[in-house]
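Contents: one structure, followed by commentary.
FYI, it's all coordinate maths here, none of it is from the lab. Every value quoted in this text rests on a predicted model; they were computed, and no experiment measured them. All Cβ positions, even for glycine, are placed from backbone atoms using ideal geometry, and neighbour counts span all protein chains on display.
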Amino acid sequence: MLGADGQLIVDTRPHTGRSPKDKFFVREPSSEEHIDWSESNQAIDEDRFDALFDRVAAHFSEREAYSLDCYVGADERYRMPLRVYTELAWHNLFARHLFITPERSEPNFVPEFTVIDAALFTADPQRDGTRTGTFILVNFGRRIILVGGTRYAGEIKKSIFTVMNYLLPLRDTLPMHCSANVGRAGDVAILFGLSGTGKTTLSSDSRRPLIGDDEHGWSADGVFNFEGGCYAKVIRLSAKAEPEIWAATHHFSTVLENVVYDESSRRLDVDSDAKTENTRSAYPLEFIPNIVTGSRAGHPKTIVMLTADAFGVLPPIAKLSRDQAMYHFLSGYTAKVAGTERGISEPQATFSTCFGAPFMVHHPTVYAELLGRKIDDHHVECWLVNTGWTGGPYGVGHRMAIAHTRAMVNAAIEGRIRDEYDLEPFFGLMIPKQVPDVPSDVLNPRNAWPDRSAYDEQARKLAQLFFDNFARFEAHVSPAIRSVAIRPLARS
């Protein structure tokens with residue numbers, strides 16, 4: 001359906017998000033020793049892949065297909081030539097928005113990786129060795145990705161992010177699930193965060209040109225965007241709080257996934273979650289007025305790690321030491337709130353290592369050690385920012401005001417927070433005593449709860465969850481990181 005402003009509105013149901021349990025890596029000699037085989041990185045045999053590839057090829061031979069030659073990576077030294085075949089035309093438009101397209105056709109273009117997306121082809125698990133009819137198969141030996149059984153276009157984007165997460169560490173370059181922007185003085189900031197934490201919203205700032213909103217590499221020369229577009233979550237999008245994303249979402253040719261609209265006027269209802277909470281807007285970077293030409297910049301001066309704490313106990317902003325930054329990078333904490341998934345009646349902690357566990361192919365400590373070296377080499381300041389709840393957990397307290405969060409993030413990035421802190425006892429965090437343009441009573445979460453003993457109980461609960469999650473990393477990290485790991489406090 002064409003929206004009132006000329007957007008392309010598509011319905012991907014029943015798949016309205018990624019299918020991580022349906023992703024497999026082909027077990028083959030060139031990559032086998034590098035992959036961290038785990039629940040996130042499942043193996044499939046080469047013979048199974050080859051047989052399914054032939055069935056997908058037969059499927060394509062009977063219908064039109066759409067092809068796109070493009071690049072992933074704005075830095076020519078690290079970019080990857082990519083060819084994308086899709087059976088749905090709008091999937092190819094999505095890829096054109098999200099990847100970097102050459103200004104003119106290149107007759108000698110040679111892809112280093114190929115994506116084949118057969119959205120309407122369904123696998124037979126018994127025959128093909130898949131879990132369901134949906135599949136995302138990555139073959140590093142043949143340099144092919146097979147996707148099928150889902151119309152959700154995010155699988156194309158994230159499968160390529162997965163490939164970059166495999167290739168770049170082998171070249172001493174850190175792939176990151178983060179947004180990035182830069183100030184007038186060349187001060188680069190990167191913002192890590194899982195979906196729903198505000199990564200796209202907080203990096204889209206009229207005062208700081210955007211490098212990119214989701215996927216970047218950090219090389220010996222600086223930061224570069226993997227993509228040529230943005231894939232923004234738009235549920236309850238606000239024209240006042242997020243004007244750049246709002247304008248891009250109402251732009252001709254933007255692809256909108258599962259956004260509700262009025263059938264008569266074709267105007268959007270971005271507040272509705274009737275189809276899914278995960279409504280998405282895909283558009284090229286040039287739809288954002290304030291972007292960095294070339295999508296590259298220097299080394300970051302500031303790292304912000306975003307979390308949406310639905311327990312309501314983490315401070316809205318805290319300074320991190322280098323070792324704490326590596327600890328929180330490995331932890332990758334946020335929380336799901338009640339009502340977002342069936343069976344969730346209270347906040348549930350989510351730990352997604354490196355703020356992107358489903359896309360990390362090597363062992364998580366490979367990425368953490370790269371991050372630690374870059375923090376040391378470039379003297380980077382690190383902050384933890386909670387965009388979630390305060391004054392109580394979800395359902396009792398309230399969401400952090402976006403105006404306060406934006407003010408805190410900008411003050412941290414611009415070096416306007418005084419070096420005066422209170423030590424928070426449960427998580428060992430340094431809470432600033434003052435932040436410009438933010439009321440002081442907002443900064444200490446315990447003071448925001450009407451019942452402080454209830455806060456203490458909730459904080460102990462979250463600290464225990466951090467402690468339990470980090471047990472799988474303790475044997476793999478340095479004593480310095482173990483020394484800053486969160487440990488539960490006994491009740492007084």
- Query: How many Lys pairs in the chain lie less than 15 angstrom apart by Cα atoms, where the lysines are 8 or more positions apart or on different chains?
  - Reply: 10
- For the Leu423, Ser238 Cβ pair and Förster radius 30 Å, calculated FRET efficiency rounded to 0.05 is 0.30
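List the trypsin sites (Lys or Arg not before Pro) within segment 80-115 that fall in a DSSP loop (any state other than H, G, I, E or B) and whose Cβ has at most 12 other Cβ atoms within 10 Å. Don't skip to the answer; put the middle values down first.
Working: sites: Arg83, Arg96, Arg104; in loops: Arg104.
In loop regions of segment 80-115 (DSSP not H, G, I, E or B), the sparsely surrounded trypsin sites (Lys or Arg not before Pro) are Arg104.
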- Message: Relative contact order for the chain: what percent, with Cα pairs under 8 Å and sequence separation of 6 or more?
- Response: 14 percent
- Query: Going by a ≥ b ≥ c, the root eigenvalues of the Cα gyration tensor, does segment 284-393 fall in the rounded group (a/c under 1.5), the prolate group (a/b larger than b/c) or the oblate group?
  - Reply: prolate
- Item | Euclidean distance between Cα centres, segment 57-108 to segment 422-492, Å | 45 Å
- Would you kindly calculate the mean projected area, averaged across all directions, of the convex hull enclosing the Cα atoms of segment 119-272, in square nanometres? 12.2 nm²
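Looking at segment 1-71, which trypsin sites (Lys or Arg not before Pro) are DSSP coil and have at most 11 other C-beta atoms within 10 Å of their C-beta? Don't jump to the answer; show the numbers that get you there.
Working: sites: Arg18, Lys21, Lys23, Arg27, Arg48, Arg55, Arg63; in loops: Arg18, Arg27, Arg63.
Of the trypsin sites (Lys or Arg not before Pro), the ones in loops of segment 1-71 whose Cβ has at most 11 other Cβ atoms within 10 Å are Arg63.
Going through segment 204-299, which trypsin sites (Lys or Arg not before Pro) have at most 13 other Cβ atoms within 10 Å and a DSSP loop state?
The qualifying sites are Arg207, Arg236, Lys240, Arg267.
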- Message: Need one word for the chain: rounded, prolate or oblate. Basis is the Cα gyration tensor (sqrt eigenvalues a ≥ b ≥ c); a/c below 1.5 gives rounded, then a/b vs b/c decides.
- Response: prolate
- Note on the structure: Fewest-first ordering of Tyr85, Tyr231 by Cβ atoms within 10 Å yields Tyr85, Tyr231
- Query: Does segment 192-232 come out rounded, prolate or oblate, given a ≥ b ≥ c as the square roots of the eigenvalues of its C-alpha gyration tensor, rounded meaning a/c under 1.5 and, failing that, prolate meaning a/b above b/c?
  - Reply: prolate
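Taking GluC sites (Glu not before Pro) as exposed when DSSP calls them loop (any state but H, G, I, E, B) and at most 12 other Cβ atoms lie within 10 Å, what is the longest stretch of the chain free of them, the sites themselves excluded?
Segment 104-262 is the longest.
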